[in-house]
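Read the structure below first, then the notes.
Every number in this text was worked out from the coordinates using simple rules, so none of it is lab data. Just so it is clear, the structure is predicted and the values come from calculations on it, not from any experiment. So basically every Cβ, Gly included, is an ideal-geometry build from the backbone, and we count neighbours across all protein chains shown.
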Amino acid sequence: MKKLTLVFLLSFSSFAFSDGLPELGDVSQAAINPIQERQIGQQSMMQIRASKQFLGDPEINDYLNRLGNRLIQFSNEPSLDFEFFAVNDYSVNAFALPGGFVGVNAGLILITESESELASVLAHEISHVTQHHLARMVAAQQGDSLASMAAIAVAILAARNNGQASQAAIASVQARAMQKQLDFTRVHEQEADRLGFELLQKADFNTHAMPEFLLRLQRATRLVDGNAPNYLRTHPVTSDRIADIENRVSKQPYRLLPDSLDFELVRTRLIGAQKTSSDAISHFTDALTIHKHGNPIAQQYGLVEALLRGNELDRAKAELTGLLKQAKTTPSAQNNPMLATLTGRVKRAVNDPDTLSFYRTAVQSFPQYRALIYDYVDLLLKSNQAEIAVKLLEEQVSLHATDIMLYDLQARSYNQLDKPLEQHQAQAYSYAWQGNLMAAIQQLELAKQAGGSFYQLSTIESDLRELREMLDARVKK
Ligand SMILES: [Zn+2]
């Protein structure tokens, strides 16, 4: 059981800035160190994960992380651990929290017309993080604990998202100070554009996508009068800003790059998710037979996914066969983890006898692909093979220490193995990362009652102490 990360997060929870904070206008980073930034981001993420905002589609999140990591390696902080996640909101927005957490609305992913456009948004957000923009704003708000600073970070984002709701959201934050904060925004935007542009260029994307995306958003704004996309509110686009970007881009060659299949598949998932299964079935059937535009593999993927969701299993199986046949002869679709995941789901649904051996091979081909691993572990547990599941989960937890789903699966596995201490401990980690501290404490109490080795019990004691401190810090606010 991985213990380090929970303690690492929580041990900073009662941190207070005893030396006071810099005056507004002092934009030095000295006020918050990188570890504290990470804590603020983690605690903000707990609030976001606990809300309905977190989309929680591992395949979409995985894709965003792969795309983001292509850019980060060229940033001035390549070793910073970023986490990109999709937000269940069909309005157009993206935002960066301190410490490397970047949220992208479903609506923004859908409005992009190329992978380079989506990459340009991520590059801009990554630069907000590496320049510590929000962290500086939060530091200047005189929060006295990381818990309250995390609340401020979320409040600043909420306020910028929705001007009218800002009064309620920032009740604890002085309005005058807030206004000064927002004045920084223009400088921040230009800096994020400049550095984002460099990332985009170094990572070999089409740099022209950056102004194209902003101009299209602006045009869309004019059509829907007075109803600017949130992205334009949180990242105000001025004519200066566009002129700057266009000036940089004009020196660059225009490159028509093919989008990755995953970009198309992710968009297909989001289109499907907006519809009922029967609407999605007709949508993708029409796209394939009548309109014949777009990427046929992605549309066929959408069709199989919708058929599976609508429990039309015979048709799902037949359409999957067609999809895999087509993928075999398309270089960009060979060896694709999203297609493998869908294949496994259809096999499970139709009770294909070689489903288990399919997964055994697939997780070897894609050992990092969590959607596939979740499904495989679930199948192992339903086949009473919890020992194998536990081993696989241990590896994954060491790589992804904040993954709630992994802890839930771990709890199920230990339950099956009749190991109550480990079961409740895993459940506690799941609740803790969801921000439900009370439930996490209850689970650790149950783990303690179950009994275990001296080492296990002392781990639980120290986690309990940290969780209680963190809870106290919240109550005080
Ligand atoms: Zn911005």
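Between Asp352 and Tyr90, how high is the FRET efficiency from 1/(1 + (r/R0)^6) when r is the Cβ-Cβ distance and R₀ = 35 Å? Nearest 0.05. Let's see the in-between values first.
Working: r = 35 Å, r/R0 = 1.00.
For Asp352 and Tyr90, the calculated efficiency is 0.50.
Give me the percent of Cα-Cα pairs in the stretch 236-355 that sit more than 25 Å apart, rounded to a whole number.
Values: 2528 of 7140 pairs.
When every Cα pair of the stretch 236-355 is considered, 35 percent fall beyond 25 Å.
Expressed in nm to one decimal, what extension gain is obtained for the pair Thr185 and Phe454 from 0.36 nm per residue of sequence separation less their Cα-Cα distance? Display every interim value, and only then the final one.
Numbers: separation 269, 0.36 × 269 = 96.84 nm, distance 5.24 nm.
Extra length available between Thr185 and Phe454 comes to 91.6 nm.
Grab the Cα-Cα distance for Glu113 and Arg255, subtract it from 0.36 nm times how many residues apart they are, and report the gain in nm with one decimal. Don't jump to the answer; show the numbers that get you there.
Details: separation 142, 0.36 × 142 = 51.12 nm, distance 1.45 nm.
Once the chain is fully extended between Glu113 and Arg255, it gains 49.7 nm.
My understanding is that a pair violates if its Cα-Cα distance is over 30 Å; which of Lys52/Lys275; Lys52/Lys202; Lys328/Lys391 do that in this structure? Write out the running numbers ahead of the final one.
Details: Lys52/Lys275 18 Å; Lys52/Lys202 36 Å; Lys328/Lys391 32 Å.
From the list (Lys52/Lys275; Lys52/Lys202; Lys328/Lys391), the Cα-Cα distance tops 30 Å for Lys52/Lys202; Lys328/Lys391.
Across the Cα atoms of the stretch 309-371, what radius of gyration and what greatest pairwise Cα-Cα distance (Dmax) are found, in Å?
Gyration radius and largest Cα-Cα distance of the stretch 309-371: 11.8, 30 Å.
Through the Karplus equation 6.51 cos²θ - 1.76 cosθ + 1.60, θ set to phi - 60°, convert the phi angles of the stretch 446-454 into ³J(HN,Hα) values in whole Hz; use x for Gly and Pro.
Residue by residue, the stretch 446-454 yields 5, 4, 4, 4, 5, x, x, 6, 4 Hz.
Output the peptides 319-326, 206-213 sorted from most to least packed, where packing is the average of other Cβ atoms within 10 Å over each peptide's residues.
On the way: 319-326: 17.0, 206-213: 23.8.
Output ranking for 319-326, 206-213: 206-213, 319-326.
So what's the projected area for the stretch 39-144, the Cα convex hull averaged over all directions, in nm²?
Details: hull surface 27.1 nm².
Across all orientations, the stretch 39-144 yields a mean hull projection of 6.8 nm².
Per 10 Å bin, what percent of the C-alpha pairs of the stretch 346-477 does each bin hold, from zero upward?
Per 10 Å bin, starting at zero, the Cα-Cα P(r) for the stretch 346-477 comes out as 12, 37, 30, 15, 5, 0 percent.
Let's test the formula: R0 of 56 Å, r as the Cβ-Cβ distance of Asn335 and Ile242. What FRET efficiency results, to the nearest 0.05?
Working: r = 40 Å, r/R0 = 0.71.
According to the calculation, E is roughly 0.90.
Hey, if you drop one equal point scatterer on each alpha-carbon of the stretch 399-449 and run the Debye formula without solvent, what base-10 log of I(q)/I(0) do you get at q = 0.14, 0.28 Å⁻¹?
-0.29, -1.00
Which log10 I(q)/I(0) values does the stretch 270-339 give at q = 0.16, 0.22 Å⁻¹ under the Debye formula, counting every alpha carbon as one identical point scatterer?
For the stretch 270-339, the Cα-only Debye profile gives -0.51, -0.95.
With a Förster radius of 30 Å, plug the Cβ-Cβ distance of Ala50 and Lys391 into 1/(1 + (r/R0)^6) and report the FRET value to the nearest 0.05.
Details: r = 30 Å, r/R0 = 1.00.
So, using R0 = 30 Å, E works out to roughly 0.50.
Can you pull the one-decimal nm distance between simple spin-label points at Ser365 and Arg216, each 7 Å off the Cα toward Cβ?
3.2 nm
Based only on the alpha carbon positions, what is the Kirkwood hydrodynamic radius of the stretch 347-387, in angstrom? Spell out each step's value before the answer.
Numbers: mean 1/r = 0.0962 Å⁻¹.
Hydrodynamic radius (Kirkwood, Cα only) of the stretch 347-387 equals 10.4 Å.
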